[in-house]
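Here is the structure we will look at, set down as structure tokens.
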């Protein structure tokens with residue numbers, strides 16, 4: 001798998017999940033309120049966090065080669081657990097519901113977007129640490145491709161939620177749709193985990 005596709009698939013698999021940030025973006029799309037600003041903010045924040053994770057971890061891993069294998073092994077365990085959890089969740093799927101209330105001014109909406117993005121502890125575990133440690137193991141040019149793939153995945157997802165909300169909401173309101181989506185997420189995560197495990201063992 002190329003660095004670009006790895007970054008794209010890993011970022012998409014992590015971001016496509018029922019959560020507060022996705023529900024917030026969907027809600028703004030349904031209300032048609034400051035959608036371009038919200039989508040742009042969330043996409044740029046993700047790109048910056050991935051870039052910080054990849055290039056910050058790259059220096060650390062370059063000085064500690066053994067740490068790269070350790071992090072790859074830990075990442076494989078985490079991704080495998082995440083994938084299995086998604087597959088388990090698909091047995092009892094939920095529906096994504098957009099919140100009905102919230103401040104309507106541009107500044108207030110962007111403040112909420114920042115809170116949903118930056119105050120979520122999982123963003124640092126998933127986007128900075130996990131995605132960063134995976135991308136940092138590539139060669140310098142491949143790291144840029146990895147970051148580009150990850151950024152494109154998150155930008156595309158947020159744009160789909162925000163601008164396509166009126167068409168996507170009825171689909172996401174169906175538990176069956178999330179059931180299939182969780183299955184795809186689970187399979188993708190397990191495939192990525194296998195790749196990391198081979199890298200940690202020195203077989204890839």
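The values are calculated or read from the model by the stated rules, or taken from the named source; none is laboratory data. Remember, predicted model here, so these are calculated numbers, not experimental data. As a convention, Cβ positions derive from the backbone with ideal geometry for all residues, glycine included, and neighbour counts pool all protein chains shown.
For the range 1-33, name all the residues that are surrounded by 20 or more Cβ atoms within 10 Å (Cβ to Cβ) and farther than 17 Å from residue 185 by Cβ.
3, 24, 25, 26, 27, 28, 29
With touching a residue at least 24 places away in the same chain (Cβ under 8 Å), under 30 Å from residue 29 (Cβ atoms) and surrounded by fewer than 18 Cβ atoms within 10 Å (Cβ to Cβ) as the only criterion, which of 149, 164 stands out?
Working: 149 fails: surrounded by fewer than 18 Cβ atoms within 10 Å (Cβ to Cβ).
After ruling out the rest, the residue left standing is 164.
Cβ contacts < 8 Å: first residue buried (at least 18 other Cβ atoms within 10 Å of the Cβ), restricted to the range 78-93; second residue part of a loop (DSSP other than H, G, I, E, B) and modelled with pLDDT under 80, any location; separation 6+ or different chain. Result?
Pairs that qualify, where the first residue is buried (at least 18 other Cβ atoms within 10 Å of the Cβ) and the partner is part of a loop (DSSP other than H, G, I, E, B) and modelled with pLDDT under 80, are 86/17.
Name the pairs whose Cβ atoms lie under 6 Å apart, with the first residue in the range 173-188 and over 15 Å from residue 10 (Cα atoms), the second at pLDDT 80 or above and not in a helix (DSSP H, G or I), and 6 or more positions between them or separate chains?
Every condition considered, the pairs that remain are 179/90.
Take residue 60 and tell me if it is modelled with pLDDT under 80 and part of a helix (DSSP H, G or I). Spell out the reasoning first.
Values: modelled with pLDDT under 80: yes; part of a helix (DSSP H, G or I): yes.
Yes, satisfied.
Testing residue 124 on (1) modelled with pLDDT under 80; (2) closer than 29 Å to residue 197 by Cα; (3) part of a loop (DSSP other than H, G, I, E, B), one condition comes back false. Which one is that?
Unmet for residue 124, out of (1) modelled with pLDDT under 80; (2) closer than 29 Å to residue 197 by Cα; (3) part of a loop (DSSP other than H, G, I, E, B): (3).
May I ask you to say which residue of 155, 193, 111 is more than 20 Å from residue 35 (Cα to Cα) and either modelled with pLDDT under 85 or part of a helix (DSSP H, G or I) (or both)?
Of the residues listed, the single one that is more than 20 Å from residue 35 (Cα to Cα) and either modelled with pLDDT under 85 or part of a helix (DSSP H, G or I) (or both) is 193.
I need the full set of residues from the range 34-43 which are assigned to a helix (DSSP H, G or I) and surrounded by 15 or more Cβ atoms within 10 Å (Cβ to Cβ), in order please.
Passing the criteria: 35, 37, 38, 39, 40, 41, 42, 43.
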